[in-house]
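*Asks:* Below: one structure in structure tokens.
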Number of protein chains: 2
Amino acid sequence: MNNYHAFNEQEAVEYARSLKGLFSPKAVLESNEIGDGNLNLIFRIWDRSQPKDSVIFKQALPYARVVGESMPLTIDRARIEREMLLLHNQLAPGLVPQVYGYQDELALTVMEDLSDYLILRKGLVQRKLYPHFAEHIGRFLGKTLFFTSDYFLSSGEKKQRVVQFTNPELCKITEDLVFTDPYFDAQTNNYNPLLKEKVAQLWKNRTLRTEVQKLKDTFMTRTQSLLHGDLHTGSIMVTDSQTRVIDPEFAFYGPMGFDIGAVIGNLLLNFAAQEGHCSSLEERKAYQTYLLGLMKQVWDEFQDEFSRLWREYNDETFYYPYVRSYLQEVLQDAIGFAGCKMIRRVVGLAHVEDLECIQDPQVRFHSEKLALAIGIKFVLHRKEINDILEAALLVRRVRTEEVKSNEVN
Amino acid sequence: MNNYHAFNEQEAVEYARSLKGLFSPKAVLESNEIGDGNLNLIFRIWDRSQPKDSVIFKQALPYARVVGESMPLTIDRARIEREMLLLHNQLAPGLVPQVYGYQDELALTVMEDLSDYLILRKGLVQRKLYPHFAEHIGRFLGKTLFFTSDYFLSSGEKKQRVVQFTNPELCKITEDLVFTDPYFDAQTNNYNPLLKEKVAQLWKNRTLRTEVQKLKDTFMTRTQSLLHGDLHTGSIMVTDSQTRVIDPEFAFYGPMGFDIGAVIGNLLLNFAAQEGHCSSLEERKAYQTYLLGLMKQVWDEFQDEFSRLWREYNDETFYYPYVRSYLQEVLQDAIGFAGCKMIRRVVGLAHVEDLECIQDPQVRFHSEKLALAIGIKFVLHRKEINDILEAALLVRRVRTEEVKSNEVN
């Protein structure tokens, strides 16, 4: 930590100039701090004469930016993020930003500028269609989760990786905000006052709380694969034809279903939000159908890729036919984690733009209630789900019930 | 490794003399290498004028003694064993040997001499009764498994411990010998030729192999608690009133059920052996009933201790009512692992004295067949077992079926 200091825009430019080969010697560099996240500084640095010639500096702060210096946070997460990015570049090239360099003492990673890309969450809020996204993310999940599991790595290499990606502070954030705080009257919680009664019911639901603890236990004790760890639609950047997964600073060895569930849960948060901010019935229906299709396709692509790789690399060490029941458990975990992610975005500390951009609290309430209802059903009924289509049907059914109950009241 | 060398008896004496306070300055020391294990040197060192004044030197060899220098093995396991012993002394004082000192470069631990104790396995072969053993081991399991889990440690401390006790080489031995090799025609396997047909059936049993892979996956990816890792009846020493758990060099973070299952599986290997070497029907019946009672009592003591501690240390972090379904899963894991342990001791590389001391291969065959049948049923039906009594009933039922099938043939 001795040589660490947080850059300002001018220092970022000077440092960029000192890195040989990053820009042409004649470049006139400019810099902008564009971070809107919770934990880091993000500098965009470009050549004024060739604005396409640009890079990103990501620098970890030794505290959580969203809270301030009172919440210190290790900058070792920058090392973890950079090592994960480099590994993702090997395992799923073209689906993550390229890394041009790094400096661990400064907690700094220099990487590809994705200014032409849009955060997927924002794209979904705008009801855009992404014909390649599901295929790309499904493949990303299949490759990164398979190649970091015991089904590819030797038993010793895998255990070494578990040590390398031990990430206690960032895991603790997830443990608290996703699995603990939303289930009792914690100070961190933050919900629409109209939901008060629904939230009180949630806290009293013994079966739900038991099932959530089971999922928390799985999150904390299941070293299946090296996860991205925070794979919501804000960690995915897209163009019409390209997809990039960013921000793997939460990386750690955990249950595969947690990454897959993050994608599914966030698609469904958008599904719930459509109740509130669609301009026409047709539009809502079409986009919700589109989102359920994406969910199915993400799972199918993951499953195909993962099974294909398992077959390709299989030997006597693991018994091949086990892949079927294995993937069934991964699906059930994914549904459960998706549920937890939906509940926490309604009840807990950090919310999502999909819902927050609905101005009218009464309209937003209907979307939030739907998100909560889907989340709860997913947690409670995940063990009955043996096919992704059943999950889609369950979402439809919950929606119908919710709409009916709104009409009655 | 630079200063490492393996002691002979004379060097062990000289080293003991150099450790201040270990013996009186006037002591006339003698030494005997008494190791009969597979991996280490064990020196007993005592004062000739006061033979009760004695200690044990345990020194890891940089290879597996049972195979020779061609199978190198890290001496880091001596560090792991010693750190585990020290921790066990804190968590379950009086149930493990005391540690008097250690020297990591020599892979040496100096500890309490348990010459007055008998290895439990030998005691069971002699059909001795141990009125305190089940209570002691149940308590040992409850304390060591609870106090090293996420239900006691903070999330960060627990993750640090996972790193500290990363033990790839010794885990690999278990992965291969317990979960992989017995399920195909591996070179390491070693079984009574009379079992040939039974073993061929085992290899063709798809459901069984799938379930074993599931248990192997749990062994490799479930960091529930810091396990002893090799808790068979050869790792437990007893007197009429005392119990000591020794040899935790396989320690690692794994599923609780693996330690509990090791105890259960080894009690039942003795149960199966009784078919062969009991002198009278009455004696067999009585001792088998005794063993099933021990199995039940070990589980009950564990369950009581674990639940009591969970209640005592519980806060908002975990939802208390979850303990019931949690322990149900631990029981089902334990039954499954017990089954794997039984199968491997019949089919795989390393056998147990309980069965091996039956001279007549035909007589031993009946015991081995029973052990195999119980093991298979345990693996296949573990998810239907919700109470330890049901496991005992299943054992009884399998025995009856086996005896019948022997009479028919």
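*Asks:* Could you give, in nm with one decimal, how far A:Q201 is from each other copy of that position, shortest first, with labels 7 Å out from Cα toward Cβ?
*Replies:* 5.4
*Asks:* Next question. From the P(r) of chain B, can you give the percent of Cα pairs sitting at distances over 31 Å?
*Replies:* Summing the P(r) tail past 31 Å for chain B gives 39 percent.
*Asks:* For the interface of chains A and B, what total accessible area is buried with a 1.4 Å probe, rounded to the nearest 100 Å²?
*Replies:* Values: alone 18290 and 18280 Å², together 33140 Å².
For A against B, buried area totals roughly 3400 Å².
*Asks:* Pop the C-beta distance of A:K128 and A:R397 into the FRET formula with R0 = 30 Å and round what comes out to the nearest 0.05. Walk me through the numbers before you get to the answer.
*Replies:* Numbers: r = 27 Å, r/R0 = 0.91.
According to the calculation, E is roughly 0.65.
*Asks:* What does the accessible area of A:R396 come to, in Å² to the nearest 10, when a probe of 1.4 Å is used?
*Replies:* Per-residue accessible area (A:R396): approximately 100 Å².
*Asks:* Moving on. Once neighbouring chains are kept in place and the probe is 1.4 Å, which whole percent of the accessible area of segment B:227-349 is contributed by carbon and sulfur? Display every interim value, and only then the final one.
*Replies:* On the way: 1610 of 3500 Å².
Accessible surface attributable to carbon and sulfur in segment B:227-349 totals 46 percent.
*Asks:* When only the heavy atoms of the protein chains count and the probe is 1.4 Å, how do A:Y322, A:Y15 rank by accessible area, highest first? Walk me through the numbers on the way to the answer.
*Replies:* Working: A:Y322 5, A:Y15 50 Å².
If we order A:Y322, A:Y15 from most to least accessible, we get A:Y15, A:Y322.
*Asks:* Just subtract the alpha-carbon distance of B:T239 and B:E157 from 0.36 nm times their residue separation and send over the number in nm, one decimal.
*Replies:* Extra length available between B:T239 and B:E157 comes to 25.9 nm.
*Asks:* Relative contact order for chain A: what percent, with Cα pairs under 8 Å and sequence separation of 6 or more? Walk me through the numbers before you get to the answer.
*Replies:* Details: 675 pairs, mean separation 67.5, N = 409.
Computed over chain A, the figure is 17 percent.
*Asks:* At A:L389, label 7 Å along Cα→Cβ: distances to the other copies, nm, ascending?
*Replies:* 4.5
*Asks:* Here is a further query. Just want to confirm a number: the relative contact order over segment B:9-112, from Cα pairs under 8 angstrom separated by 6+ residues, in percent.
*Replies:* On the way: 178 pairs, mean separation 20.6, N = 104.
Relative contact order for segment B:9-112 comes out at 20 percent.
*Asks:* How far apart, in nanometres, would the label points at B:S279 and B:N32 be if each is projected 7 angstrom from Cα along the Cα-to-Cβ direction?
*Replies:* Simple spin-label model gives 2.8 nm for this pair.
*Asks:* Now, a different point. Indicate the helices, whole DSSP H runs only, in chain A that combine a mean Kyte-Doolittle hydropathy of -0.5 or more with a Cα extent along their long axis of 24 angstrom or more. The partial results should precede the final answer.
*Replies:* Details: long enough: A:256-277 (32 Å, 0.69); A:281-313 (48 Å, -0.95); A:322-347 (38 Å, 0.33); A:361-381 (29 Å, 0.45); A:388-408 (31 Å, 0.00).
Going by DSSP H runs, the hits are A:256-277, A:322-347, A:361-381, A:388-408.
*Asks:* A further question follows. Would you mind computing, in nm to one decimal, how far apart the modelled labels at A:E312 and B:K204 are, each placed 7 Å from Cα along Cα→Cβ?
*Replies:* With each label point 7 Å from Cα toward Cβ, the separation is 3.4 nm.
*Asks:* Here's something else I'd like to know. How high is the relative contact order of segment B:130-258, in percent, counting Cα pairs under 8 Å that sit 6 or more residues apart?
*Replies:* Values: 128 pairs, mean separation 47.3, N = 129.
Taking the mean separation of contacting Cα pairs over the length of segment B:130-258, I get 37 percent.
*Asks:* What are the distances, in nm and sorted shortest first, from the label point of A:V163 to the label points of the same position in each other copy, with each label point placed 7 Å from Cα along the Cα-to-Cβ direction?
*Replies:* Sorted ascending, the copy-to-copy spacings read 1.0 nm.
*Asks:* Within straight cross-link reach of A:K52, meaning Cα distance under 14 Å, which aspartates and glutamates are found once same-chain residues fewer than 8 apart are removed?
*Replies:* Straight-line reach from A:K52, under 14 Å: A:E30, A:E112, A:D113, A:D116.
*Asks:* Under 20 Å from the 7 Å Cα→Cβ point of A:N189, by amide nitrogen: which residues of segment A:249-287?
*Replies:* Counting backbone N atoms under 20 Å from the label point, the list is empty.
*Asks:* Less than 16 Å apart at the alpha-carbon level, and either on another chain or at least 8 residues along: which aspartates and glutamates does that give for B:K198?
*Replies:* Cα-Cα hits under 16 Å: B:D181, B:D185, B:E368, B:E401, B:E402.
*Asks:* Here's another thing I want to ask about it. Using only Cα atoms, locate the centre of segment A:291-330 and the centre of segment A:1-63, then give the distance between them in Å, rounded to an integer.
*Replies:* If you average the Cα positions of each part, the centres end up 40 Å apart.
*Asks:* I've got another one for you. Specify the inter-centroid distance of segment B:238-264 and segment B:359-391, based on alpha-carbon positions, in whole Å.
*Replies:* Result: 21 Å between the Cα centres.
*Asks:* Express the carbon and sulfur contribution to the solvent-accessible surface of segment B:1-110 as a percent, rounded to the nearest whole number, probe 1.4 angstrom. Don't skip to the end; give the middle numbers.
*Replies:* Details: 2770 of 5700 Å².
In segment B:1-110, the share of accessible area belonging to carbon and sulfur is 49 percent.
*Asks:* Kindly report the accessible area of chain A per residue (heavy atoms of protein chains, probe 1.4 Å, no ligands, DNA or RNA), in Å².
*Replies:* On the way: 16570 Å² over 409 residues.
Per-residue value: 41 Å².
*Asks:* Output the pairs from A:K216/A:K341; A:K214/A:K383; A:K214/B:K341; B:K296/B:K341; A:K214/B:K214 with a Cα-Cα distance over 23 Å in this structure; if there are none, say none. Show your work: numbers first, answer last.
*Replies:* On the way: A:K216/A:K341 12 Å; A:K214/A:K383 12 Å; A:K214/B:K341 27 Å; B:K296/B:K341 18 Å; A:K214/B:K214 18 Å.
Going by Cα-Cα distance, A:K214/B:K341 fall outside the 23 Å limit.
The values are calculated or read from the model by the stated rules, or taken from the named source; none is laboratory data. Given the structure is predicted, the values throughout are model-derived calculations rather than measurements. When we count neighbours, we look across all protein chains shown, and the Cβ atoms used for this are built from the backbone with ideal geometry, even at glycine. Only protein heavy atoms, including side chains, enter the accessible area calculation; ligands, DNA and RNA are left aside. Shrake-Rupley method; radii C 1.70, N 1.55, O 1.52, S 1.80 Å.
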